[in-house]
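Read-outs: derived from the displayed coordinates by stated rules, not from any lab. Computed from a prediction, not measured in an experiment: that's the story for all the values here. Heads up, the Cβs are rebuilt from the backbone with ideal geometry, glycines too, and the neighbour counts pull from every protein chain shown.
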Amino acid sequence: MQKDAYLRRRPANAGVLERAVTDPDLELPPRFLSWFVARGWAPRRHQLELLGLAGVADSLLIAPTGAGKTLAGFLPTLIELDRQKKRQGLHTLYISPLKALAVDVHRNLEIPIAEMGLAVRVETRTGDTSAARRQRQRRDPPDILITTPEQLALLLAGPDSQTLFSSLRRVIFDELHAIAASKRGDLLCLGLSRLRRIAPGLTATGLSATVRDPAELQRWLTAQTTRNSSAALVVADRGAAPDLSILDTAEHLPWAGHSARHALGEIYAAIKGAKLTLVFVNTRAQAEYIFQELWRRNEDGLPIALHHGSLDVAQRRKVEEAMASCRLKAVVCTSTLDLGVDWGDVDLVINVGAPKGASRLAQRIGRANHRLDEPSRAILVPANRFEVLECRAAVDAANEGAQDTALARSGALDVLCQHILGMACAGPFDAGELFAEIRSAEPYARLLPEQFDAALNFVATGGYALKSYDRFAKIKQTADGRWRIANGRVAQSYRLNVGTIVEADLLKVRLVPGGAKPSASYTGPLRRTGRVLGEIEEYFIEMLAPQDTFLFGGEILRLQGVVENEAIVSRANADAPKIPSYAGGKFPLSTYLAMRVRRILAEESSWGALPGQVAGWLDLQRRRSALPPADQLLVETFPRGGRYYLALYPFEGRLAHTTLGMLLTRRMERAGLKPLGFVANDYALCVWSLTDVGALFETGAMRLADFLSQDMLGDDLEEWLEESALMKRTFRNCAIVSGLIERNVLDRRKTGRQVKISTDLIYNVLRRFEPGHILLEAAKADAATGLLDLERLAGLLARAQGRTIHKALPRVSPLAVPILLEIGRETVYGEAQDETLAQAAKALVDEVLADSAPGRPELANVSRLGNGRPKPATEPRLRESASPKGTPPDNAGRRAKKPSTSRRASGPRR
Amino acid sequence: MRDAARKSPQRAAALPVLDAEFLADPSGALFWPSENLLVVADLHLEKGSAFAVRGVFLPPYDTAATLAALGNLIGLYQPRRVVALGDSFHDGGAGERLDSGDRRTLATLQRGRDWIWIAGNHDPAPPAGLAGEARGELAIGSILFRHEPSAARGRGEIAGHLHPAAKLSGRGGSVRGRSFVSDGSRCVLPAFGAFAGGLNVRDAAFDALFDGEAGKPVLAHVIGRSAVYAVPHRLCLPD
């Protein structure tokens, strides 16, 4: 592939070059300058500015895709290496977030080195590098080493890190925006602080796409030894404005759902008209669905491929190669193709569904026409009416170049624990010195001494108040007060478990022949011969019962069973999968986009830019109820089918809404309001109950302000956390990252299944006996921004205080229709335990009454039995347990419910 | 079931084995009212510290948690006799690692009642210096208490060892919980220990024990938040 993404052709006006030549500080050596000229290129302003900063100060380069970021990062290194008389050891470390990107960058860097005839040795080191090569790299390091954050952590924990890095002059962080505000970024920044200690003269350079607040990244790149230390900022010129549009469908725009089925014909036509299209979707399930449906329409036999993180690596590589060699017409993909790797001549990006964040959209748009001077072309395809608003807000933001605000966060404590152990593996350390070093990393600049001590104690003996593990300590203090590892096994185990990415537990999906083998009576072992199709999240498979069908890799598969870490499946001759999907949008709506959506809703003047169907819908809402004002919370109450509904429109994202739903139903239950269930999406939350809550607000029997008061984040929250499956999953991740639980045990690989069971038990015991333990603190901090999104919920409740509008309506409002349509589609996992058990127990009673239930017994039938409206007079237990969580009792259950009838897919052509 | 539930604030459920009317308590224990006898299986005391020896620092509170739960039960039922069905201690070193506070708690629980340590594969003998009587098995009438269920002598057998857990699926997704398994002729108890995991009741290990010869349906008595739910074994899902 011809890669000219670094550099653009010499523009008609070569002003940049002239300026470069006249400014002595920004001059390229002749050898380099002539190379540029020979290629017909001109160095860009930002490339020269970065060169001027090399060796002088840490720097952050912000440049859009296609602006030549990578070469800008390497130029100073290449020039310095060219000047130096004799080899000095490792000169530059280049850190890339993706293995594939590292390989790509290495390949592209070899081009200028070869063409200029530079004596520079570049090597890559990733998880795929052979052990022998890694050994050799330590002994005889290259000039430039291209690697990943995890490999850096491993190198730093080695006993020879001091000698390896002492010659280091520069560190370059690619795609810094994608790493910095995460646990991976925390570990990387701690690594940087250690590198500085080993090689005090080094400078760090960050390469980043446009971000809203560069100051954060500037601080990240610099040692926080004095207040306001921050890297110099270089901003490249913006490229051509993107050519962005929202699909103005001729079809009826759906009220709810994420399938975008209505627009598939139009998407197909757009693909046909373009050279190579990337179709971005938000979830794997959506990707599967769109892929399948496109093939159903594919009368022209266009080469359309599928790419998502669950597919087998070999299969993904095949798709990438086919893209690069222009053998494809379109690729349906998830965020796996979001980041920098550039595989082909993409000229159109279609984003199906809402982009969820302004920055994410900008990143995806950048995939089209990877050249700065040409506008990227992108079409947004909203899947429902709310998504139209969100797409509108995102397009406006992109046109203004506006970005999401990264949430301010402090470094994760579980990552800190892992790092401390790594540093002990590198060699004995003095606690005070290590504390100072850690505080020089921006995420940990405000770390308290007691937090550091807690982390140190955790690493040593688990950090419990009950000091019973002292004699088993992993790290011990020697006579001189320094900490060292107790034995070699500790270091070995650290190396096996390094890293902060805890993948969802994945099961291999293995296709066994013989979908015809249906017999429920067959009880022998499942056959394990057949090829592996890819990997799937364990929690999705956990939701299925054997013989359930689902979509994977573009096919409808039937689950036969789970054997160890494999889901055994066979091809199903089904028209439609029984389990349609497992989540709506994976990413919650960003705070910034949410704010813009609220603004669009509130400003009628902006509706002109919306499709007629949507403007009409909003107008109807305005007349029937009210539009949610930009700075107030709209609450509607209305009766429907013998139930009372309460709809809120906070626009704070699905995660925060789900948490609020959990807490509200809990609180309503305690107040005797008989809540029956709730449903949440990115925009709204709807709770229904047997009591007319609206009337209570009207008569003043209950105040809305009390109902939504912030104190629910106190006891209600604590009580819910006790049993929340989401919280347990969060805790599990912290337990793994911190090293409490080892992902990989020396001899045998402990599967995720075993780990999970034990972390739930650990969580229960720890919460009860030592609620202040560092791991619970870490999990709480994760929950604030992670799966529970407590931070946004807290903001929402604070904003709502005294600023709520209540509309008591005689019937459902237009705005509430989409959320009501989602009832029964999404289950809230894990929270309805006893209800499920009670259902099953009830089935027993039913079975006794009619002991001749036909067909194969399975709970699918059972839950249908249990789905009749509860009869409170005769079934007290059922009524009680049919209370708040999950789906409503009057709704067809997930299993009983057929997916939309129109999905009569015949499978993709092969 | 509902009648039995009324007798106990914890909503224990009837679980008859042959002619013995047991109550299945939602904490995972069996109570035998007519004998005033409480049965718990697989306490696995000091499992946390057993891991700590290998450098995995699980919270050192599992013994305290397990004993606290046991204390609640003893307070509730005031049994004259307690039978611990084996694997009461996680390993041979458990007695040495047992914290003095936990040791005292255990002694308090044992005071004033008979206490029987049935031998398990993890603890062929209880740690030295503890009260209670160590036995291989215990027979009372037609009921036989032992650690590991035997395929051959099933009638009237109350055992542990297998840590049964059942997985069920319904509208709210699937749920996995500790479970008793019984066919009215024998019963396997769930593990009581705070750190004890579970084995799916659909595992082959249960097939040999519950082959339908008892003539009655095999039920999983699944433990919920505060109640025990009886579910046909065949409706339970494999993992």
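Does region B:38-152 come out rounded, prolate or oblate, given a ≥ b ≥ c as the square roots of the eigenvalues of its C-alpha gyration tensor, rounded meaning a/c under 1.5 and, failing that, prolate meaning a/b above b/c? Write down the numbers at each step before the final one.
Details: a/c = 1.94, a/b = 1.31, b/c = 1.48.
Oblate.
Within the set of other residues whose C-beta is less than 13 Å from the C-beta of B:LEU109, count the net charge using Lys and Arg as +1 and Asp and Glu as -1. Don't jump to the answer; show the numbers that get you there.
On the way: positive: B:ARG81, B:ARG103, B:ARG104, B:ARG111, B:ARG113; negative: B:ASP102, B:ASP114.
Value of the local net charge: +3.
Give me the distance in nm between label points sitting 7 Å out from Cα along the Cα-to-Cβ direction at A:GLU719 and A:ASN573, one decimal.
5.4 nm
Of the residues B:ALA52, B:ALA125, B:ALA152, which exhibits the maximal mean-square fluctuation in a Gaussian network model of chain B defined by a 10 Å Cα contact cut-off?
Comparing B:ALA52, B:ALA125, B:ALA152 in a Gaussian network model of chain B, the most mobile one is B:ALA152.
When a footprinting reagent is the concern and you count Cβ atoms within 10 Å, what order do A:LYS86, A:LYS329 take, fewest first? Mind showing how you got there, number by number?
Working: A:LYS86 4, A:LYS329 18.
Placing the least packed residue first, the sequence is A:LYS86, A:LYS329.
More than 21 Å apart: what percent of Cα pairs in region A:210-360 qualify?
Values: 6080 of 11325 pairs.
Result for the distance tail: 54 percent.
Could you grab the relative contact order for chain B? Cα pairs under 8 Å, six or more apart, rounded to a whole percent. Walk me through the numbers on the way to the answer.
Working: 573 pairs, mean separation 48.7, N = 239.
Dividing the mean separation by the residue count of chain B yields 20 percent.
Name the long-range amide H neighbours of A:ALA486: under 5 Å, sequence gap of 5 or more, or other chain; modelled H, no Pro or chain starts.
The answer is A:ILE475, A:LYS476.
Quick one: which residues, 5+ away or cross-chain, put their amide H under 5 Å from the amide H of A:VAL235? H built at 1.01 Å from N.
Correct list: A:ILE62.
If you count, for every residue in A:488-495, the Cβ atoms of partner chains within 10 Å of its Cβ, what is the mean?
On the way: counts 0, 2, 1, 0, 0, 3, 0, 0.
Counting Cβ atoms of other protein chains within 10 Å of each residue's Cβ and averaging gives 1.
Let me know the mean shielding of B:223-235 by other chains, meaning the per-residue number of their Cβ atoms within 10 Å of its Cβ. Before the final figure, lay out the partial values.
Working: counts 1, 8, 5, 1, 7, 2, 11, 5, 9, 7, 0, 4, 10.
What the average comes to for B:223-235 is 5.
Excluding A:ALA204 itself, calculate the net charge of residues whose Cβ lies under 14 Å from the Cβ of A:ALA204, where each Lys or Arg counts +1 and each Asp or Glu counts -1.
On the way: positive: A:ARG169, A:ARG170, A:ARG194, A:ARG196, A:ARG197, A:ARG219; negative: A:ASP58, A:ASP174, A:GLU442.
Combined, the nearby Lys, Arg, Asp and Glu give +3.
Please give the helix B:100-110 orientation as an angle from the longest Cα principal axis of chain B, in degrees from 0 to 90, rounded to the nearest 10.
50 degrees
Using the alpha-carbon centroid of each, what span in Å lies between region A:199-235 and region A:447-503?
30 Å
So, counting K/R as plus one and D/E as minus one, what does the shell of residues with Cβ under 10 Å around A:GLY694 add up to?
Working: positive: A:LYS807; negative: A:GLU636, A:ASP692, A:GLU698.
So the surrounding residues net to -2.
Among the listed pairs A:LYS99/A:LYS508; A:LYS86/A:LYS183; A:LYS183/A:LYS356; A:LYS356/A:LYS780; A:LYS69/A:LYS780, which are separated by more than 27 Å between their Cα atoms?
On the way: A:LYS99/A:LYS508 21 Å; A:LYS86/A:LYS183 39 Å; A:LYS183/A:LYS356 21 Å; A:LYS356/A:LYS780 24 Å; A:LYS69/A:LYS780 37 Å.
As for pairs spanning more than 27 Å Cα to Cα, those are A:LYS86/A:LYS183; A:LYS69/A:LYS780.
Determine the relative contact order of region A:15-235: mean sequence separation of Cα pairs under 8 Å and six or more apart, normalised by residue count, in whole percent.
Values: 340 pairs, mean separation 62.0, N = 221.
RCO, region A:15-235: 28 percent.
Within 10 Å of each Cβ in B:43-56, how many Cβ atoms from other chains are there, averaged over the peptide?
Mean number of neighbouring Cβ atoms from other chains: 4.
Please determine, in degrees from 0 to 90 and to the nearest 10, the orientation of helix B:62-77 with respect to the longest principal axis defined by the Cα atoms of chain B, where the helix direction is its Cα long axis.
The two axes meet at around 60 degrees.
Decide, for region A:15-235, between rounded, prolate and oblate: order the square roots of the alpha carbon gyration tensor eigenvalues as a ≥ b ≥ c, take rounded if a/c falls under 1.5, and otherwise choose prolate if a/b is larger than b/c, else oblate.
Values: a/c = 1.59, a/b = 1.19, b/c = 1.34.
Cα axes put region A:15-235 in the oblate bin.
Describe numerically, in nm with one decimal, the distance between label points set 7 Å from Cα along Cα→Cβ at A:ASP243 and at B:ALA134.
8.5 nm
Taking a ≥ b ≥ c as the square roots of the Cα gyration tensor eigenvalues, with a/c under 1.5 meaning rounded and otherwise prolate when a/b beats b/c, else oblate, which class fits region A:273-333? Could the numbers behind the result be given before it?
On the way: a/c = 1.73, a/b = 1.07, b/c = 1.62.
Here region A:273-333 falls in the oblate category.
Compute the FRET efficiency between A:LYS476 and A:VAL532 as 1/(1 + (r/R0)^6), taking r as their Cβ-Cβ distance and R0 = 35 Å, and round to the nearest 0.05.
Numbers: r = 44 Å, r/R0 = 1.26.
Once rounded, the FRET efficiency stands at 0.20.
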